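Data block below; observations after.
The values are calculated or read from the model by the stated rules, or taken from the named source; none is laboratory data. Computed from a predicted model, the values in this text were never measured in an experiment. Here Cβ is always computed from backbone atoms with ideal geometry, including for glycine, and neighbour counts include all displayed protein chains. Side chains are part of the model used for accessible areas, which takes the heavy atoms of the whole protein and leaves out ligands, DNA and RNA. Shrake-Rupley method; radii C 1.70, N 1.55, O 1.52, S 1.80 Å.
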Amino acid sequence: MTETATPEQRADVLAGLEAVRAGIRRAAEDSERDPRGVHLIAVSKTVPAEGILPALEAGQRLFGENYVQEARAKWPALRERFPDAELHLIGPLQSNKAREAVALFDVIHSLDRLSLAAALAKEIARTGRTPKLLIQVNTGEEPQKGGIPPGQVDVLLAECRDTHGLAINGLMCIPPADDPPSAHFALLARIAERHNLPILSMGMSADYPAAIQMGATHVRVGTAIFGARPRP
Ligand SMILES: *Cc1c(COP(=O)(O)O)cnc(C)c1O
């Protein structure tokens, strides 16, 4: 990619962003929710800085990244220009990257084990930075996927609070690719409600309207804004 987006690339990002914003409004209105209660996280993993700029210039402020390293390479310069951009880590986090993650991200969606809670708590205490923390729930109990099984959320929540003094702000899930997602979204919403957790991070390009119907407060949308990603 070139240093700046071509007019076509810029137009594509703006059209994608507008379409998703309209989709969010429609889904919220369909379920009689206030659209302002649904926050769009534009997932910019693999998108170079020049591809992200048109979204920032169009007023988008919440962005999701999967990899600490990639985010660190792209975002400090973008944030100099857009200091109110809010960065969300939505990919798996290794404990040895907790320091960089706490330094860089405003919200971490992928807390799923006590050892990671310990590493995050240590960095939060050391730096005074307090990113919001979400527990990732593996609603489909898929072995290859991050997240804690639904039956263990209560224990992890209690341990985060009691052992590490960590406030947990919400839950995140990624439903299995082949399942209808709504049952997974409903399960996540039930667990969050039981614990009075305000943030529900669920819904991606293919299923964000269903997630909004089930109560999502944050949808994570990449492809529908930035186009298809290169296959790994
Ligand atoms: C990549 C990714 C997304 C965005 O997926 P799209 O299908 O491109 O919208 C959302 N959430 C997570 C956790 C992701 O890894």
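Computed quantities for the displayed model
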read-out	value
Number of the exception - LEU200 against (1) buried (at least 23 other Cβ atoms within 10 Å of the Cβ); (2) within 9 Å of the ligand (Cβ to nearest atom); (3) within 14 Å of the chain's Cα centre (by Cα)	(2)
Residue check for LEU188: under 22 Å from GLU32 (Cβ atoms) and within 14 Å of the ligand (Cβ to nearest atom)	yes
Evaluation of ALA228 against (1) within 12 Å of the ligand (Cβ to nearest atom); (2) within 16 Å of the chain's Cα centre (by Cα); (3) of a type in the set (A, V, I, L, M, F, W, C); (4) over 24 Å from ALA28 (Cα atoms) (one fails), failing number	(2)
Any hit, segment 90-106, residues being surrounded by 15 or more Cβ atoms within 10 Å (Cβ to Cβ), out of contact with any helix residue (DSSP H, G or I) (no Cβ under 6 Å at 6 or more places or on another chain) and part of a strand (DSSP E or B)	no
Residue count for segment 35-48, restricted to those that are assigned to a loop (DSSP other than H, G, I, E, B), open to solvent by less than 40 Å² (accessible area, probe 1.4 Å) and β-branched (Val, Ile, Thr)	2
Any hit, segment 65-77, residues being among the hydroxyl-bearing types (Ser, Thr, Tyr) and without any contact (Cβ under 8 Å) to a residue 60 or more places away in the chain	yes
Test: residue in segment 161-183 that is assigned to a helix (DSSP H, G or I), surrounded by 19 or more Cβ atoms within 10 Å (Cβ to Cβ) and away from the ligand (no atom under 11 Å from the Cβ)	no
Every residue from segment 132-153 that is of a type outside the set (A, V, I, L, M, F, W, C) and either buried (at least 20 other Cβ atoms within 10 Å of the Cβ) or within 18 Å of the chain's Cα centre (by Cα) (or both)	LYS132, GLN136, ASN138, THR139, GLY140, LYS145, GLY146, GLY147
Residue match in segment 113-131 (condition: under 16 Å from the mean Cα position of the chain (by Cα), modelled with pLDDT of 95 or more, open to solvent by 20 Å² or more (accessible area, probe 1.4 Å) and under 25 Å from ILE41 (Cα atoms))	no
Criterion (surrounded by fewer than 19 Cβ atoms within 10 Å (Cβ to Cβ), over 30 Å from ASP112 (Cβ atoms) and not hydrophobic (A, V, I, L, M, F, W, C)) met by exactly one of GLU32, GLU70, GLU86	GLU32
LEU134, sole failed condition from (1) within 16 Å of the ligand (Cβ to nearest atom); (2) over 16 Å from HIS88 (Cα atoms)	(2)
Of all residues making up segment 49-64, the number that are part of a loop (DSSP other than H, G, I, E, B), more than 16 Å from the ligand (Cβ to nearest atom) and in contact (Cβ under 8 Å) with a residue 24 or more places away in the chain	2
Within segment 203-214, tally of residues that are closer than 17 Å to ARG36 by Cα, open to solvent by 10 Å² or more (accessible area, probe 1.4 Å) and under 15 Å from the mean Cα position of the chain (by Cα)	1
Hits in segment 1-20 (condition: within 16 Å of the ligand (Cβ to nearest atom) and either buried (at least 18 other Cβ atoms within 10 Å of the Cβ) or of a type in the set (A, V, I, L, M, F, W, C) (or both))	VAL13, ALA15, GLY16, LEU17, ALA19, VAL20
Residue in segment 74-84 that is assigned to a helix (DSSP H, G or I) and of a type in the set (Gly, Ala, Ser) present	yes
